[in-house]
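Working notes, structure below.
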Amino acid sequence: MVHGILGHRKNMSSFAKMLVEGFPSWQVLLVDLRCHGESARLPSRPGGPHSVASAAGDVLGLLRRLRLFPRVLIGHSFGGKVVMSMVQQFNQRLPRPVQVWVLDSLPGQVRAGGGIDGPDHPGQLIELLRSLPQPLASRNEVIDTVVRAGFSPHIARWVVTNIRPVDSSGKLGWTFDLDGIAELYRSYETTELWSLLQQPPQGLTLDFVKAERSSFRWGGSDEAAITGAGHGVHLLRDAGHWVHADNPLGLYDIIAPSFGGESDLKQRRSAALRH
């Protein structure tokens, strides 16, 4: 399960726990992509170029070291392109059949305008964060600065989850590499993966989740191009771009069949309470 730009693996942890609760025989692997979270602090962290393809290569390298390959790959936003690139790098020979879920992202160029890319355009947010003097004064001051720049309060609060003390004096800094992230986001904007949909490797099942309140990402021909190539598009009601946080139960219901069943999570929780 792969997070989006400016995120970290903990962003996906609540939804991962929900999946394991519904399907206890499954395990979920969460990763911090290059330039993010703990990966940004590794002494042997990878150098550039920082791109969708190189981030995908990192995850594939981890899977090779662990000697496993997942049956299901789930990626949110930037992470959606990462999981598609992972599959594409195998060309026509997947290690095993795999289901890929792309959450509120598209195979082609990212188009700004409307929805989250209005006041909360990630590229503009990255540049604002890069402009802040280091060390950071306080989490509250960063929140105020981000909101004054026109970003929404919930985005400002989310961003400061990536702040940590950088030394024993309590000075604060970012957990991520903002210069590297800026390069990753530029790659995300321009990376084209439509060829994967048009010539998918044998054994690939590919589905997209479209957030009801993120329709700006979907041009008039995008959905038709995806379904016309034989892949699925699923509308998640009552959700903005952060699908796994806005409507986790709805997302669970869409994805659950990929795990070999239609586990009713509400029923399972009710049964657990009775016992």
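Worth a mention:
- Condition met for Gly79 (out of contact with any strand residue (DSSP E or B) (no Cβ under 7 Å at 6 or more places or on another chain) and either at pLDDT 90 or above or outside any helix (DSSP H, G or I) (or both)): no
- With respect to being under 30 Å from Ala229 (Cβ atoms), buried (at least 22 other Cβ atoms within 10 Å of the Cβ) and in contact with a helix residue (DSSP H, G or I) (Cβ under 6 Å, 6 or more places away or on another chain), Val82 fits the description.
- Count - residues of the stretch 213-237 that are at pLDDT 95 or above, assigned to a helix (DSSP H, G or I) and under 20 Å from the mean Cα position of the chain (by Cα): 1
- Only residues that are more than 13 Å from Leu129 (Cβ to Cβ), surrounded by 14 or more Cβ atoms within 10 Å (Cβ to Cβ) and of a type in the set (Gly, Ala, Ser) were counted in the stretch 160-177, giving 0.
- Scan of the stretch 228-255 for residues that are touching an Asp or Glu at 6+ places or on another chain (Cβ under 9 Å), surrounded by fewer than 18 Cβ atoms within 10 Å (Cβ to Cβ) and of a type in the set (A, V, I, L, M, F, W, C), ordered by number: Val233, Leu235
- If you go through the stretch 171-191 and keep only what is in contact with a helix residue (DSSP H, G or I) (Cβ under 9 Å, 6 or more places away or on another chain) and outside any helix (DSSP H, G or I), you end up with Leu172, Trp174, Thr175, Phe176, Asp177, Thr191.
- Selection from the stretch 70-98 of residues that are within 13 Å of Pro201 (Cβ to Cβ) and more than 14 Å from the chain's Cα centre (by Cα): Val87, Gln88, Gln89, Phe90, Asn91, Gln92, Arg93, Leu94, Pro95, Arg96, Pro97, Val98
- Enumeration of residues in the stretch 137-148 that are modelled with pLDDT of 90 or more, exposed (fewer than 15 other Cβ atoms within 10 Å of the Cβ) and either polar (S, T, N, Q) or in a loop (DSSP other than H, G, I, E, B) (or both): Ser138, Asn140
- The set of residues from the stretch 2-48 being under 17 Å from the mean Cα position of the chain (by Cα), of a type in the set (Gly, Ala, Ser) and farther than 24 Å from Tyr252 by Cα comprises Gly37, Ser39, Ala40.
- Residues in the stretch 25-45 that are of a type in the set (D, E, K, R) and surrounded by fewer than 21 Cβ atoms within 10 Å (Cβ to Cβ) were compared, and the one that is modelled with the lowest pLDDT is Arg45.
- Tabulated pairs, the stretch 156-173, first touching a residue at least 40 places away in the same chain (Cβ under 8 Å) and polar (S, T, N, Q), second surrounded by 12 or more Cβ atoms within 10 Å (Cβ to Cβ) and assigned to a loop (DSSP other than H, G, I, E, B), C-beta under 6 angstrom, 6+ apart or interchain: Asn162/Thr175; Asn162/Phe176
- Arg157 falls short on exactly one of the conditions (1) more than 30 Å from Ser44 (Cβ to Cβ); (2) surrounded by 18 or more Cβ atoms within 10 Å (Cβ to Cβ), and that condition is (2).
- Within the stretch 46-76, the only residue that satisfies the criterion of being touching a strand residue (DSSP E or B) at 6+ places or on another chain (Cβ under 7 Å), assigned to a helix (DSSP H, G or I) and either surrounded by fewer than 17 Cβ atoms within 10 Å (Cβ to Cβ) or at pLDDT below 95 (or both) is Leu62.
- Within the stretch 112-136, the set of residues being surrounded by 13 or more Cβ atoms within 10 Å (Cβ to Cβ), at pLDDT below 95 and part of a loop (DSSP other than H, G, I, E, B) comprises Ala112, Pro119, Asp120, His121, Pro135.
- Failed item in (1) in a helix (DSSP H, G or I); (2) within 15 Å of Gly180 (Cβ to Cβ), with Gly7 passing the rest: (1)
- Flag for Arg213 being among the basic types (Lys, Arg) and in contact (Cβ under 8 Å) with a residue 40 or more places away in the chain: yes
- Pick from the stretch 152-170, criterion at pLDDT 90 or above and not in a helix (DSSP H, G or I), ranking: nearest to the chain's Cα centre (by Cα): Ile163
The values are calculated or read from the model by the stated rules, or taken from the named source; none is laboratory data. From a predicted model like this one, the values you see are computed outputs, not experimental measurements. All Cβ positions, even for glycine, are placed from backbone atoms using ideal geometry, and neighbour counts span all protein chains on display.
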